[in-house]
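The structure appears right after this line, and notes come after that.
The values are calculated or read from the model by the stated rules, or taken from the named source; none is laboratory data. Here the structure is a predicted model, which means the values were calculated and not measured. No Cβ is skipped: glycine too gets one built from the backbone with ideal geometry, and neighbour counts run over all protein chains shown. What goes into the accessible areas is simple: the full protein's heavy atoms, side chains included, and nothing from ligands, DNA or RNA. Shrake-Rupley method; radii C 1.70, N 1.55, O 1.52, S 1.80 Å.
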Amino acid sequence: MAHPVDWSPLRLSTPVKQHVFGGRALADRLGRTGLPSGPVAETWEVSDVDGEGATVTEGPLAGRSLRELLADDPHGLLGDRPPAPHGPRFPLLTKFIDGTHALPVHLHADDATARRLEGEPNGKTEAWHVLDAVPGATALVGVRPGTDRERLRRALLAQDFDAVMRRLPVRAGQTVYVPGGTLHSFGPGTLVYEIEQTSDIQQHAMPWRMEDGAPLDEREREANIERLLGEWRPEPRPEFQPGLSVPVEDSVVRTVLCAGPYFALERWTAGRSARISRRFTTAQVLSNAGAPVTVTCDGWTGRLDRARTLLLPAAVGGVRVAGPADVLFGYVPDLEDDIRAPLTAAGHGPAVIAALGEGL
């Protein structure tokens, strides 16, 4: 099929967020280069958030925005996965997040609430894949059974989060799927790769600003908590999961980390003499969790450094990654073809498959 855009793998600009919970782990522990001095909390690897949209940084499409390319050739970029309900936006947002300090206790609206209260086309369900965590690291994920709105309000005002929230142990290699409306936080001492719906809506419960730590006056803080309570869902109680493996070939391991209607995330590893070979019909966000690798796509060859990302358009059709390799693939899945069928064929039962996310 001919496409209006001459597609190849895309290197994109990556907005950097220097929020107060960040540190230097992305540089010191992952080896990410080109970061500003001082604390770095997040790098937005692929973003089509309003005001923070990515542009192509090299090649014949340099200077073009991700949103512009999607408008010019949606099928070439996304293949058979339509962007709706995201409208004109690329549907995935991915980040490296440094929780050197604890993130604010916060939540993101689900789709229905985002449309009703935020005037946005979609909310933000997300998942965290833990790349590194200090011994004893924990996360707050969801509330304890029996927590009602008034009890939660009192605890948030008192910053007594453990009175009402579930504190879970965090270990490298695990993943948790966090539906929109779920109250959450992680850190300190936690390094995460995050995949989520394209959105930057959130409500948080802290007495300070996330961007710079400046204190909030009591009226503003109480108003923030009331907005949070209006978008809170009490039901979700996510659990960290180790992922489920699917046989590929000797020295190549595919692990499905999480999956739902909005995104799936997989981690693939290959030994020194092996090669990852992956065919696809929708865009793939390829992020490198290991040593630098060589990536080849239909005549294009390039190096992908650690903690860096390529966006692979659907029109590219496939990718090869030379081992040794340790990489992440994020994409919008067909839950039956991409997730349930291969996991079932690999011998995984319905209960463990369903635990990876929602809609399974």
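Brief remarks on what is shown
- Filtering GLY181, GLY213 for residues that are assigned to a loop (DSSP other than H, G, I, E, B) and under 23 Å from the mean Cα position of the chain (by Cα) leaves a single hit, GLY181.
- Within the stretch 336-354, being surrounded by 15 or more Cβ atoms within 10 Å (Cβ to Cβ) and either modelled with pLDDT under 95 or farther than 29 Å from SER65 by Cα (or both) holds for ILE339, ARG340, PRO342, LEU343, HIS348, ILE353.
- When the stretch 46-70 is filtered for residues that are surrounded by 13 or more Cβ atoms within 10 Å (Cβ to Cβ) and over 17 Å from the mean Cα position of the chain (by Cα), the ones remaining, listed by number, are THR55, VAL56, THR57, GLY59, LEU61, ARG64, SER65, LEU66, ARG67, GLU68, LEU69, LEU70.
- Set VAL295, VAL253: member being of a type in the set (Val, Ile, Thr), assigned to a strand (DSSP E or B), open to solvent by less than 60 Å² (accessible area, probe 1.4 Å) and out of contact with any Phe, Trp or Tyr (no Cβ under 6 Å at 6 or more places or on another chain): VAL295
- Search result, residues across the stretch 150-170 that are without any contact (Cβ under 8 Å) to a residue 24 or more places away in the chain, open to solvent by 70 Å² or more (accessible area, probe 1.4 Å) and outside any helix (DSSP H, G or I): ASP160
- When SER13, SER8, SER37 are checked against the criterion of being polar (S, T, N, Q), closer than 18 Å to HIS101 by Cβ and over 16 Å from the mean Cα position of the chain (by Cα), SER37 stands alone in meeting it.
- Within the stretch 118-136, the residues that satisfy the criterion of being open to solvent by 10 Å² or more (accessible area, probe 1.4 Å) and assigned to a loop (DSSP other than H, G, I, E, B) are GLY119, GLU120, PRO121, VAL134, PRO135, GLY136.
- Count of the stretch 301-360 residues, restricted to those that are outside any loop (DSSP other than H, G, I, E, B) and either in contact (Cβ under 8 Å) with a residue 12 or more places away in the chain or small (Gly, Ala, Ser) (or both), is 34.
- Any hit, the stretch 293-305, residues being closer than 20 Å to TRP128 by Cβ, among the charged types (D, E, K, R) and touching a Ser or Thr at 6+ places or on another chain (Cβ under 7 Å): no
- Failed item in (1) touching a residue at least 60 places away in the same chain (Cβ under 8 Å); (2) in contact with a strand residue (DSSP E or B) (Cβ under 9 Å, 6 or more places away or on another chain); (3) outside any loop (DSSP other than H, G, I, E, B); (4) open to solvent by 10 Å² or more (accessible area, probe 1.4 Å), with ARG81 passing the rest: (3)
- Among the residues listed as GLY146, GLY142, the single one being in contact (Cβ under 8 Å) with a residue 40 or more places away in the chain and on the phi > 0 side of the Ramachandran plot: GLY142
- Any hit, the stretch 248-255, residues being under 25 Å from VAL130 (Cβ atoms), in contact (Cβ under 8 Å) with a residue 24 or more places away in the chain and small (Gly, Ala, Ser): yes
- Residues in the stretch 16-45 that are farther than 12 Å from ALA307 by Cα and open to solvent by 20 Å² or more (accessible area, probe 1.4 Å): VAL16, LYS17, GLN18, HIS19, VAL20, ARG24, PRO36, SER37, GLY38, PRO39.
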